[in-house]
Amino acid sequence: MAPKFCIFKVIAITFSIFPTVIPVTNFSFPAIFNFGDSNSDTGGLAAGFAFPVGPPNGQTYFLKPSGRFSDGRLIIDFLMDAMDLPFLNPYLDSVGAPNFQTGCNFATGGSTILPANAASTSPFSLGIQVAQFLKFKARALELLDKDKRLQKYLPSEKSFKQALYMFDVGQNDLDGAFYSKSEDQVLALIQTFLTEFETSFKKLYDVGARKFWIHNTGPLGCLPRIIAKFGTDTTKLDQFGCVNSHNRAANQFNMQLHDLCTKFRAQLPDANITYVDIFSIKLNLISNYSQYGFKQPLAACCGYGGPPLNFDSRIACGETKNLNGSMVTATPCNNTAEYVNWDGNHYTEAANEYVSSQILTGNYSDPPPSVTAESLLGSKFFDPRRLY
């Protein structure tokens with residue numbers, strides 16, 4: 001039987017706004033390898049493609065731009081904290097002597113599951129990210145074989161085997177398709193997206209990856225940018241003000257992704273796969289925002305144009321431009337913790353913290369977490385999920 005690894009043991013303490021999960025032990029995976037888009041990009045696009053991610057990005061936590069599309073930490077940063085591991089360094093960042101001993105982040109903003117084309121924001125599609133990982137692994141093991149002192153900087157062969165492989169990708173495939181296709185045409189493309197995802201997944205499996213954590217995609221129709229573009233006809237919006245077509249597509253993508261995870265388990269019995277329902281967590285936050293201390297569920301914190309969306313596609317967060325004869329700046333709001341959305345496309349640190357707190361409960365995982373008799377008897381320790 002394969003060894004069992006709890007991700008982490010935690011104490012869940014409920015505050016007036018939303019649950020905060022505090023790790024009490026660092027027993028976790030030896031390394032994390034992440035693949036995805038801007039939702040989990042810790043600086044890859046900024047490093048590899050010289051994409052400008054300037055101020056005020058990073059202002060809340062890092063106090064300066066960190067390559068993240070947010071005012072602070074991302075969901076993956078909070079999860080790394082919970083596992084008592086350092087933030088993941090981007091694979092593409094060679095500045096500052098990055099340490100990859102506990103993992104590496106291949107996610108880059110704008111990335112898609114399908115291969116990139118000339119119009120893509122990022123050339124680093126999922127297939128390219130997996131190819132980068134294969135090169136990284138081969139080179140790391142080659143270097144370690146020559147010089148054991150590099151163990152302080154690179155994952156060991158055992159770490160690669162016991163590592164957790166995380167995915168958060170697919171949103172940009174759906175998003176981009178809607179700009180040239182009808183809803184029915186977008187829905188018809190989902191199987192193509194997931195066939196490509198399956199190819200990448202199995203390449204990782206073939207080189208020894210066994211523990212996988214797969215996020216589904218969030219409510220695309222609730223992003224201010226999408227609402228501004230596709231929601232001018234209010235009959236196309238749901239009761240929360242989100243674009244119905246985009247959320248239907250996201251739901252369909254998630255259903256088929258869930259089915260694919262079930263297929264993987266049947267075909268690859270020694271693969272340990274957890275599917276995480278990010279869509280439900282984020283939609284619950286948006287629809288019940290006031291319960292969690294937020295005041296603005298849809299408006300961008302950093303943007304231009306004022307209510308209801310504070311988003312103008314002509315000017316990005318932090319930019320100053322001449323619009324209609326006047327110089328204007330897309331400035332951040334006074335209190336980022338009151339906003340769910342940061343820049344029209346991405347979430348604030350406060351929203352990311354809420355999402356991660358819900359992930360850590362295990363309530364949105366399939367398979368669900370293991371509940372021990374000890375936890376039912378009131379022990380302060382419990383395993384929020386089981387990935388073995």
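The values are calculated or read from the model by the stated rules, or taken from the named source; none is laboratory data. On a predicted model such as this, the values are computed, not experimentally measured, just so you know. Every residue, glycine among them, receives a Cβ derived from its backbone with ideal geometry; neighbour counts consider all protein chains shown.
What is the residue count in the range 125-156 for residues that are farther than 18 Å from THR195 by Cα and in contact with a Gly (Cβ under 9 Å, 6 or more places away or on another chain)?
Number of matching residues: 2.
What single numbered condition from (1) assigned to a loop (DSSP other than H, G, I, E, B); (2) farther than 20 Å from LEU204 by Cα; (3) at pLDDT below 95; (4) not polar (S, T, N, Q) fails to hold for LEU92?
(2)
Considering each residue of the range 178-200, count those that are under 27 Å from PHE133 (Cα atoms) and free of Cβ contacts under 8 Å to residues at least 60 places away in the same chain, and give that number.
The qualifying residues number 2.
Starting from the range 296-320, take each residue that is over 16 Å from ASN334 (Cα atoms) and list its partners that are surrounded by fewer than 18 Cβ atoms within 10 Å (Cβ to Cβ) and β-branched (Val, Ile, Thr), counting only C-beta distances under 6 angstrom and pairs at least six apart or across chains.
Matching pairs, first to second residue: THR320/THR329.
Under 8 Å by Cβ, and 6 or more places apart or on different chains, what pairs join a residue from the range 147-172 that is polar (S, T, N, Q) with one that is part of a helix (DSSP H, G or I)?
Short answer, once both residue conditions are applied: GLN151/LEU144; SER156/LEU144; GLN171/LEU220; GLN171/ALA250.
So if I check each of LEU45, LEU85, which one is of a type in the set (A, V, I, L, M), outside any helix (DSSP H, G or I) and farther than 22 Å from VAL340 by Cα?
When all the criteria are applied, what remains is LEU85.
What's the number of the only condition in (1) closer than 25 Å to ASP77 by Cβ; (2) modelled with pLDDT of 95 or more; (3) out of contact with any Asp or Glu (no Cβ under 7 Å at 6 or more places or on another chain) that PRO308 fails to meet?
(1)
Of (1) closer than 21 Å to ILE190 by Cα; (2) surrounded by fewer than 21 Cβ atoms within 10 Å (Cβ to Cβ), SER111 satisfies all except one. Which?
(2)
Within the range 168-186, how many residues turn out to be surrounded by 13 or more Cβ atoms within 10 Å (Cβ to Cβ) and either among the aromatic types (Phe, Trp, Tyr) or in a helix (DSSP H, G or I) (or both)?
10
What do you reckon, is PHE133 among the hydrophobic types (A, V, I, L, M, F, W, C) and more than 18 Å from GLN252 (Cβ to Cβ)?
Yes, satisfied.
Answer yes or no: is there a residue in the range 220-227 that is under 28 Å from PRO308 (Cα atoms), in contact with a Leu (Cβ under 8 Å, 6 or more places away or on another chain), buried (at least 19 other Cβ atoms within 10 Å of the Cβ) and β-branched (Val, Ile, Thr).
Within the range 220-227, one or more residues are under 28 Å from PRO308 (Cα atoms), in contact with a Leu (Cβ under 8 Å, 6 or more places away or on another chain), buried (at least 19 other Cβ atoms within 10 Å of the Cβ) and β-branched (Val, Ile, Thr).
Which one is modelled with the lowest pLDDT among residues in the range 9-53 that are small (Gly, Ala, Ser), more than 13 Å from MET80 (Cα to Cα) and touching a strand residue (DSSP E or B) at 6+ places or on another chain (Cβ under 7 Å)?
If we take residues in the range 9-53 being small (Gly, Ala, Ser), more than 13 Å from MET80 (Cα to Cα) and touching a strand residue (DSSP E or B) at 6+ places or on another chain (Cβ under 7 Å), then ALA12 is modelled with the lowest pLDDT.
Filter the range 264-278 down to the residues that are more than 18 Å from the chain's Cα centre (by Cα) and in contact (Cβ under 8 Å) with a residue 60 or more places away in the chain and list them by number.
Listed by number, the residues that qualify are PHE264, LEU268, ASP270, ALA271, ASN272.
I want to confirm something. Restricting to the range 187-227 and keeping residues that are within 19 Å of LYS282 (Cα to Cα) and assigned to a helix (DSSP H, G or I), which single residue is farthest from the chain's Cα centre (by Cα)?
ILE227
Would you pick out the residues in the range 160-212 that are touching a Leu at 6+ places or on another chain (Cβ under 9 Å) and basic (Lys, Arg)?
Once the filter is applied, which keeps residues that are touching a Leu at 6+ places or on another chain (Cβ under 9 Å) and basic (Lys, Arg), the range 160-212 yields LYS181, LYS202, LYS203, ARG210, LYS211.
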